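Please read the structure below before turning to the comments.
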Amino acid sequence: MFNRFAQRENTLFEKLKRETRPIIIYGMGNGADKIMDICESKSIKISDIFASDEFVRGHSFRGYKVKTYTQITEQYSDAVVLLAFAVFRSDLVDRIFNIGKRYTLLIPDVPLFGGGLFDYDFLCANIANIEKVYDLLADEQSKKAFVDVINFRLTGDPFLLRECETERAEVFENIIKLSDTEHYVDLGAYDGDTIKEFLSLTKGYSSITAFEPDVKNMKKLTKNIGTLDNCNIYQYASWNCACEKTFSGKGGRMSCYDNDGFTVHADSVDNVCSAATYIKMDVEGAEYETLLGCKRIISQYRPKLAVSAYHRTGDIFSLPLLINSLCPTYKIYLRHHRYYPSWETNIYCS
């Protein structure tokens, strides 16, 4: 199994240490901060920062004057470009791959929450659990996605993600086959987008339960789906018990538990729900604790599961192992849907 993965000398930051060409960051914000901090800690020199031409207004970022892509092409005939933001829209994906035709394009995969890099040392420390998960996966597409995503995290090579991505429709055709009598639980319901997806795939349902702790998201969620029959919406965060948590509400998809924020009520699915036959969780790094809070429901109903597996460094193997311990009869699948870096890498269970 070990020889399926990139060796130390071929991992991203090891290659960057040896790089003689200019290393240029594409993008600003939190992702660029994290990448630049890592490069600084490893004595990797950043030559420039650029943004798309239409976004450059003469500003600076961390002491660098932000250039346009046009200026970069005029200045550098050869370089390594590190993408520092996430993309999934087809037009933006095409744009970054066009940059990859001109320069070496790499995408560092830094954790959204928590610490640690998925580097060679992390791989070695966790290879036994990684091998267990590979053997647990239910089909060859899952095994390929598992290996490709891990190799992407090690190397930053975006073509590995392109090779393993699948459409969400394939999941509902082949893995999560929804009936018209589901008790659907949506954890991290955001503005109701995945509830609308659920409704588009069924002709009816028995009940819908939604958790959404963010105040701004909650307003949108209530407006969008609050009039549905048999639909209960809770301004709760999901956890493994009833408690109060500090929450950083950002009004979008990145709201999360944080030491700096406001207090929200958190609770478990087992406490709130009497039944569930399909659970989706995208809870910004709280997936492990949320699964523990589904222990009774999983034991009693064996609900279909859709679980995000990309928020924390070890989620891709720690979450499947937990699911297997809670219900050894699940068939566990892994799919990566179009997103760069490897966001939208999800576990599906049936």
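A Gaussian network model of the chain, with springs between Cα atoms under 10 Å, assigns the largest mean-square fluctuation among T73, T290, T209 to T73.
If you rank K42, K203 by fewest surrounding Cβ atoms within 10 Å, what's the result?
Working: K42 11, K203 8.
Sorted ascending by nearby Cβ count, the order is K203, K42.
What GluC sites (Glu not before Pro) in the range 159-219 are in a loop by DSSP, with at most 12 other Cβ atoms within 10 Å of the Cβ?
Working: sites: E163, E165, E167, E170, E173, E182, E197; in loops: E167, E182.
Those satisfying the criteria are E167.
Taking other Cβ atoms within 10 Å as a rough exposure proxy, D180, D157 sort from fewest to most as D180, D157.
Working from label points 7 Å from Cα in the Cα-to-Cβ sense, the C124 to S47 distance is 3.2 nm. For the peptides 129-141, 210-222, the ranking by packing is 210-222, 129-141, with the highest mean count of neighbouring Cβ atoms within 10 Å listed first.
Across Y190, Y278, Y301, mean-square fluctuation computed from a Gaussian network of the chain (C-alpha pairs under 10 Å connected) peaks at Y301. Beta-bridge orientation, the range 1-132: approximately 15 percent antiparallel, per DSSP, counting only bridges with both partners inside. Helical content of the chain, expressed as a calculated mean residue ellipticity at 222 nm, amounts to -11000 deg cm²/dmol (DSSP H runs of 4 or more residues, -39,500 (n - 2.57) each, divided by residue number, nearest 500). Axis angle, to the nearest 10 degrees, between helix 215-225 and the longest C-alpha principal axis of the chain: 60 degrees.
Under the combined filter of DSSP loop state and at most 15 neighbouring Cβ atoms within 10 Å, the range 55-113 retains these trypsin sites (Lys or Arg not before Pro): R57, R62, R89.
In the range 133-349, what % of DSSP beta bridges are antiparallel (nearest 5)?
Details: 16 of 37 bridges.
Taking every DSSP beta bridge within the range 133-349, about 45 percent pair in antiparallel fashion.
Calculate, for E54 and E163, the FRET efficiency according to 1/(1 + (r/R0)^6) with r their C-beta to C-beta distance and R0 22 Å; round to the nearest 0.05. The calculated FRET efficiency here is 0.10. For the chain, the longest principal axis of the alpha carbon atoms and the long axis of helix 315-326 meet at an angle near 20°. In the list (1) 23.1; (2) 17.1; (3) 18.0, the label attached to mean projected area of the Cα convex hull in nm² as derived from the coordinates here is (3).
Residues I38, I323, I107 in ascending order of nearby Cβ atoms (within 10 Å, fewest first): I38, I323, I107. The alpha carbons of the range 70-143 occupy a box of 49, 27, 23 Å along the principal axes, longest dimension given first. Helix 120-136 axis versus longest C-alpha principal axis of the chain: approximately 40°, rounded to the nearest ten.
All of the numbers you see were taken from the coordinates with simple rules; none came from a lab. What you are looking at is a predicted structure, and each value in this text was computed from that prediction instead of being measured. In this analysis, Cβ positions are derived from the backbone assuming ideal geometry, glycine residues included, and neighbour counts consider all displayed protein chains.
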